[in-house]
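Right, one structure below, let's go through it.
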Amino acid sequence: MKLLSCSLNSVRRHAALKLDFHPGLTLITGANESGKSSLVEALHRTLFLRGNATGAPLQQLRSLQHSGHPQVTLTFEAKGRSWVLQKRFSGQSGTTSLSGAGEPARLGSEAEEQLASLLGVDEIIGSRQAGRVLPTRWAHLWVMQGEGGRDLLKLGGEHYDLRSLIDQLEQGADAALQSPLDQQLHDQLEQLVSASLTTRGTRHQSILWQREQALKASEERLASAMAELHDYEQASTSLDALDDEQRQLEQTCKPQLEHEQNQLMEEQRQVAQAKAARQSLEQQLTPLNQRQQQLHLQLRRLQETETTLANQQQQNVRVTAELELLQRLLVEQSETVKRLMLDRDQLEQKRSGLERRGQQLRRLEERLQLEQRLTQLARQQQQLLSWKRQQKEISEALSSLRAPEPEALVKLQKQTRQLEALAIRSDAMASVVTLECSDQQVRLDDAPMEPGESQRRISTFSLSVGKGVKLRIAPGGGDGLETIHREHQTLTQTIQASLSHWQATSVAELETRGRQRMELMTRQSLLQQQTPEIDDPKIIQAEEASARERLENLEQELKDGAQAAREGLSIQDAEAIQQALITCRQHYRTTNEQSQSLHKQLEQQETLLKGQQQQQQTLQLQREALTAEIRSLDQQRLALIRDHGDSERIAADLRQLEEQISNLQTQLNALPKADRANNGPEAAIERRLKAAQQQLQQLQERLQSLSSERGALRERCNSLGRRDPYAHAEEARTQLEQARQAHSTEALQVKAHQHLLHLFNTARSDLSQRYTAPLSRSIAHYLRPLLTQPDALCSLSYDAKNGLGDLRLQRDGLTLPFANLSGGMREQLNAALRLALADTLRTGHDGCLPVLFDDAFSNTDPARLQAVLSMLRQAADDGLQVVVLSCDGTPYRAVADAVVELS
């Protein structure tokens, strides 16, 4: 099969693309995003995907830039004829057309079936199979972008058409690698093994599975019987233990606890009698102790009151003395404050006088300043009027002076110099005609010339000699002089137009006007730099009116002010006013400092006076409080003496009470001590009695619990003993042995089948060299330009079940698996494998198959790329059709038979 040409319309970025394929090596090159991979996918889907397919494969062909449905037309050769395949991918309404040379076109499903027959595949796939099956079609012939380094053999036999490959290899072998009887035996063994086993274990509902389930059920029954037997024996043992424990508790422990309880109750009665006698004595002691405590309290209160009264009286005497001393200090401090206040008032009067004098002096100073400012404003106004007058004169002169700008004047001067240069050139090229002698009449520009006459000409002129000779003479060659003349005329007209525009008779006059204009502009610039600070007369007039108004107000204030403030001073004497103002400020500063110092002293004395007054009030309050407290304490002492007597009487009563308490305490000590902290004999007896009662109660509860447990165990033993547990366990054990025997027999038979299948596959695998040897030689044939070592070989294995695999490269005495090779070497070995597969399969496809590489050598270095080119060229020479797509097609052009460039 060979690809001849294709045409794409509205496929991704291709609006319309047509290209032809060479029978040998075709190079398709173009920059990234030029649509190379889109072309490959479109051709692949055209060959193997139905035209009415839907879903993702169709959406991936649609163009986002061009309108219309994707349409692909492919011309190819197959089975000795030329075919034209056209598919329009528009979903369920898509169409397929296949026509052969000299035959009517087949449409729809008929066309798809014929196409499958031509391609040697089972069917052209639809939408449901596209995701799973489409990537496997021609995966061994067409290397999609990014797939160059993947191990093709690990993808499975469906990716490299294993069935057709085995058929072609067997046709090329000397004898068949297996007989039909071998295949029938192999199928029967596989059927027997698969009837019992799957890849995940035992097959469900198979005989082996049933034997395993029966074995599992027998094991569970035996485990249940043994558990029941163990429960029965454990319940019987527990029942015997409970009977022994209950018998021991009732015969031994219970009588001992009851005897101990009776003894403790007798001891408790005796302790209660002693406790009653002790309580009687304690009741007699309680009021006596309370009376003793009251007398002690009264005696202590009386003594404390008398002591406090004496202390308060002493403190009252001290406070009274301090109060008298403070009274004398207050009188002296008041006099000092009055004297300071008088001095302060005098200084305030002096400071006020100095302040009024200073204000008058500042008014006089301000009046003089205002008069000076008015004079200055009048001068500024005169200067402003003069500056504006000059500005106006210069502006009028500039406006009346008709002079060009400096650039225009320079241009005019340049034109004048050019005109002079042209005149000089014209004079240099002029011709002088002199008639020295002549026997015929000579005419210059139709004017007769006499012998000895000379004429000067700067332009073309005619010279006639007699009647039959007429010369036309062009000085300087003719053309150059005419050009100078035209330029001279043009410049003359331009200069005259400029002079006419500026109303001048010559360029010199314009230069004079230009100098005058520059002088006026210089004066104007200088005048601008001398612009007055105030260039608005209204501002000067407003400031002058404000100054005059303030001067009138000052005059009125000076008239109203005190005459003494400016005695001996002249109103116009500025220096005297300034000196008087300085002197006044010094006196004012001195007076102000004295006043501030006096203020501080007065504040300190007033603060001290206020503190002394507050201290006086505090002492007075303290003395009043001491007087009231002394009076209250004296009343308390008299009340205590009235109610309880004096200290001697209270002491006598205390001695009498102490004797009574001592007698009662002696009687109380003779009795056993009271258990106040629960540590005495009474508490110990109580605790022992309580413990004995608790033990007796616990014994009763334990007996009740034993009775309940005993009943439950007896009932469980009766329940378990209805069916003889020993006989039941023995029966389950017998059933388990039978199930194990049946399972072992079935498992052994399945293992025998597996072993036979393994031996058969091993025997078939030994013949795999008959398959792999031709492929290995073909791969080595294509790798020869890449592998320079003589011992370099390629090896692969074959398994009847899994197909080809374990692709390896033998080099330098080492065997390297495909996964351990470099990225570039994997691409090169993969390419050689695909070429070898195509070379083997092409016999069933008219001796040719198209092998396509889409950027399949991106990891190959430039040095090895030359060897890859030799390998591709060798494949094309061997009869394969090779199509290479690359973004950099420069290296491939040397071996390509045809080059297609995509823009």
*If you check residue 338 against the conditions, is it in contact with a helix residue (DSSP H, G or I) (Cβ under 8 Å, 6 or more places away or on another chain), open to solvent by 60 Å² or more (accessible area, probe 1.4 Å) and not acidic (Asp, Glu)?*
no
*Determine which single condition residue 82 fails, assuming it passes every other condition in (1) surrounded by fewer than 17 Cβ atoms within 10 Å (Cβ to Cβ); (2) of a type in the set (S, T, N, Q); (3) farther than 22 Å from residue 2 by Cα.*
(3)
*Only listed residue being touching a residue at least 24 places away in the same chain (Cβ under 8 Å), in contact with a Leu (Cβ under 9 Å, 6 or more places away or on another chain), open to solvent by 50 Å² or more (accessible area, probe 1.4 Å) and within 30 Å of residue 635 (Cβ to Cβ), chosen from 344, 301, 363*: 301
*Taking the range 819-868, which residues are in contact (Cβ under 8 Å) with a residue 60 or more places away in the chain, charged (D, E, K, R) and part of a helix (DSSP H, G or I)?*
826, 827, 834, 839, 864
*What number of residues in the range 83-104 are under 30 Å from residue 24 (Cβ atoms), among the small types (Gly, Ala, Ser) and touching a strand residue (DSSP E or B) at 6+ places or on another chain (Cβ under 7 Å)?*
4
*Evaluate the range 818-825: report whether one residue or more is among the hydroxyl-bearing types (Ser, Thr, Tyr) and at pLDDT below 75.*
no
*Could you tell me whether any residue of the range 799-817 is part of a helix (DSSP H, G or I) and either modelled with pLDDT under 90 or loosely packed, with under 15 Cβ neighbours inside 10 Å (or both)?*
no
*Members of the range 835-847 found to be open to solvent by 40 Å² or more (accessible area, probe 1.4 Å) and out of contact with any strand residue (DSSP E or B) (no Cβ under 7 Å at 6 or more places or on another chain), listed by number*: 839, 842, 843, 844
*Among the residues of the range 858-899, count how many are within 23 Å of residue 845 (Cβ to Cβ) and β-branched (Val, Ile, Thr).*
3
*Residues within the range 848-868 that are among the hydroxyl-bearing types (Ser, Thr, Tyr) and open to solvent by 30 Å² or more (accessible area, probe 1.4 Å), tallied*: 1
_Test for residue 832: is it buried (at least 22 other Cβ atoms within 10 Å of the Cβ), under 20 Å from residue 796 (Cβ atoms), more than 51 Å from the chain's Cα centre (by Cα) and not aromatic (Phe, Trp, Tyr)_ = no
*Please specify each residue of the range 119-147 satisfying the condition of being in contact with a Gly (Cβ under 9 Å, 6 or more places away or on another chain) and not in a loop (DSSP other than H, G, I, E, B).*
127, 128, 130, 131, 136
*So, in the range 690-747, of the ones that are assigned to a helix (DSSP H, G or I) and among the basic types (Lys, Arg), which residue ends up farthest from residue 208 (Cα to Cα)?*
690
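Residue by residue, here is whether (1) surrounded by 12 or more Cβ atoms within 10 Å (Cβ to Cβ); (2) in a loop (DSSP other than H, G, I, E, B); (3) at pLDDT below 80; (4) not hydrophobic (A, V, I, L, M, F, W, C) holds:
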position: 412; (1), (2), (3), (4): yes, no, no, no
position: 416; (1), (2), (3), (4): yes, no, no, yes
position: 421; (1), (2), (3), (4): yes, no, no, no
position: 425; (1), (2), (3), (4): yes, no, yes, yes
position: 433; (1), (2), (3), (4): yes, no, no, no
position: 436; (1), (2), (3), (4): no, yes, no, yes
position: 448; (1), (2), (3), (4): no, no, no, yes
position: 451; (1), (2), (3), (4): no, yes, no, yes
*Here are some residues: 155, 107. Which one is over 28 Å from residue 880 (Cβ atoms) and open to solvent by 20 Å² or more (accessible area, probe 1.4 Å)?*
107
*Close pairs (6 angstrom Cβ cut-off, 6 or more residues apart or separate chains): under 15 Å from residue 487 (Cβ atoms) in the range 419-437, outside any strand (DSSP E or B) and open to solvent by 30 Å² or more (accessible area, probe 1.4 Å) anywhere*: 422/487; 422/488; 426/458; 429/476
*Do you know which residues across the range 869-903 are of a type in the set (D, E, K, R) and either assigned to a helix (DSSP H, G or I) or open to solvent by less than 60 Å² (accessible area, probe 1.4 Å) (or both)?*
873, 877, 878, 893
*helices (runs of 4 or more DSSP H) enclosed by the range 467-575 - at least 1 residues per element that are closer than 28 Å to residue 398 by Cβ, open to solvent by less than 60 Å² (accessible area, probe 1.4 Å) and modelled with pLDDT of 80 or more*: 479-501, 507-529
_Tabulated pairs, the range 608-619, first farther than 12 Å from residue 331 by Cα, second of a type in the set (D, E, K, R), C-beta under 8 angstrom, 6+ apart or interchain_ = 619/322
*Could you list all residues from the range 776-798 that are modelled with pLDDT under 85 and within 14 Å of residue 160 (Cβ to Cβ)?*
796, 798
*asked:* I'd like the residue in the range 30-55 that is open to solvent by 30 Å² or more (accessible area, probe 1.4 Å) and touching a Ser or Thr at 6+ places or on another chain (Cβ under 9 Å) and, out of all such residues, is nearest to residue 889 (Cα to Cα).
replied: 31
*residue 72 versus (1) more than 20 Å from residue 854 (Cα to Cα); (2) touching a strand residue (DSSP E or B) at 6+ places or on another chain (Cβ under 7 Å): which is the lone unmet condition?*
(1)
*Show the residue pairs that are 6+ apart or on different chains and have beta-carbon atoms under 6 Å apart, the first residue being within the range 706-718 and modelled with pLDDT of 75 or more, the second being not basic (Lys, Arg).*
709/242
*Take the residues in the range 211-241 that are under 16 Å from residue 719 (Cβ atoms) and polar (S, T, N, Q), then tell me which one is modelled with the highest pLDDT.*
224
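The rows are residues; the columns are (1) of a type in the set (Val, Ile, Thr); (2) modelled with pLDDT of 75 or more; (3) not in a helix (DSSP H, G or I).
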| residue | (1), (2), (3) |
| --- | --- |
| 245 | no, no, no |
| 255 | no, no, no |
| 271 | yes, no, no |
| 281 | no, no, no |
| 295 | no, yes, no |
| 307 | yes, yes, no |
| 310 | no, yes, no |
*Total residues in the range 394-410, condition hydrophobic (A, V, I, L, M, F, W, C) and open to solvent by 80 Å² or more (accessible area, probe 1.4 Å)*: 1
*Starting from the range 121-132, keep only residues that are over 17 Å from residue 59 (Cβ atoms), then list their pairs with residues that are open to solvent by less than 30 Å² (accessible area, probe 1.4 Å) and not aliphatic (A, V, I, L, M) whose Cβ atoms are within a distance under 6 Å, requiring at least 6 positions of separation or different chains.*
124/112
*Yes or no: residue 378 at pLDDT 80 or above, small (Gly, Ala, Ser) and surrounded by 14 or more Cβ atoms within 10 Å (Cβ to Cβ)?*
no
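The values are calculated or read from the model by the stated rules, or taken from the named source; none is laboratory data. Predicted model, so just to flag it, every value in this text is computed and none were measured. Virtual Cβ from ideal backbone geometry, glycine too; neighbours counted across all protein chains shown. Quick note on the areas: whole protein, heavy atoms, side chains included, nothing else; ligands and nucleic acids left out. Shrake-Rupley method; radii C 1.70, N 1.55, O 1.52, S 1.80 Å.
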